[in-house]
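This report refers to the structure that appears directly beneath it.
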Amino acid sequence: MTYIDGFVAAVPTANRDTYRKHAEKAAVVFKEHGALKMVECWGDDVPDGKLTSFPMAVQKKDDETVVFSWIVWPSRQARDAGMAKVMADPRVQPDVNPMPFDGKRMIFGGFEVLVEA
């Protein structure tokens, strides 16, 4: 069954092009190590909440934009093996492809697909 890794982060709005380039480079690595698909989305209608919201979850600042991303894997096992290879791949190391945002405020998790239509 398909498995999804989901991510939400706050990226400095001025870093949009840098973020896109970072994601494009990372996508190549993820796909080489078993991911079926990687999607990166730049927020353009992400409202602040009163109790909870994407901006609150990542402690978004006024000069930042929320990004929402996901990676599709063929299975949890493929994800676990692939993610280990991705993390060891020199092409995604911070000195080669640094994250253009504060990774400490990124939220992420793995999800088993229940319904896919």
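Checking residue 57 against (1) touching a residue at least 40 places away in the same chain (Cβ under 8 Å); (2) among the small types (Gly, Ala, Ser); (3) within 24 Å of residue 32 (Cα to Cα): exactly one of these is not met. Which one?
All conditions pass for residue 57, except number (3).
Can you name the residue in region 93-117 that is of a type in the set (D, E, K, R), in contact (Cβ under 8 Å) with a residue 12 or more places away in the chain and surrounded by fewer than 13 Cβ atoms within 10 Å (Cβ to Cβ) and, of all such residues, is farthest from residue 63 (Cα to Cα)?
116
Give the residue, chosen from 49, 43, that is without any contact (Cβ under 8 Å) to a residue 40 or more places away in the chain, among the small types (Gly, Ala, Ser) and farther than 23 Å from residue 18 by Cα.
49
Name every residue in region 51-91 that is among the β-branched types (Val, Ile, Thr) and in contact with a His (Cβ under 9 Å, 6 or more places away or on another chain), in order of residue number. Reasoning before the result, please.
Quick first cut of region 51-91, residues among the β-branched types (Val, Ile, Thr) only: 52, 58, 65-67, 71-72, 86.
Scanning region 51-91 gives a single hit, 86.
Every number in this text was worked out from the coordinates using simple rules, so none of it is lab data. On a predicted model such as this, the values are computed, not experimentally measured, just so you know. So basically every Cβ, Gly included, is an ideal-geometry build from the backbone, and we count neighbours across all protein chains shown.
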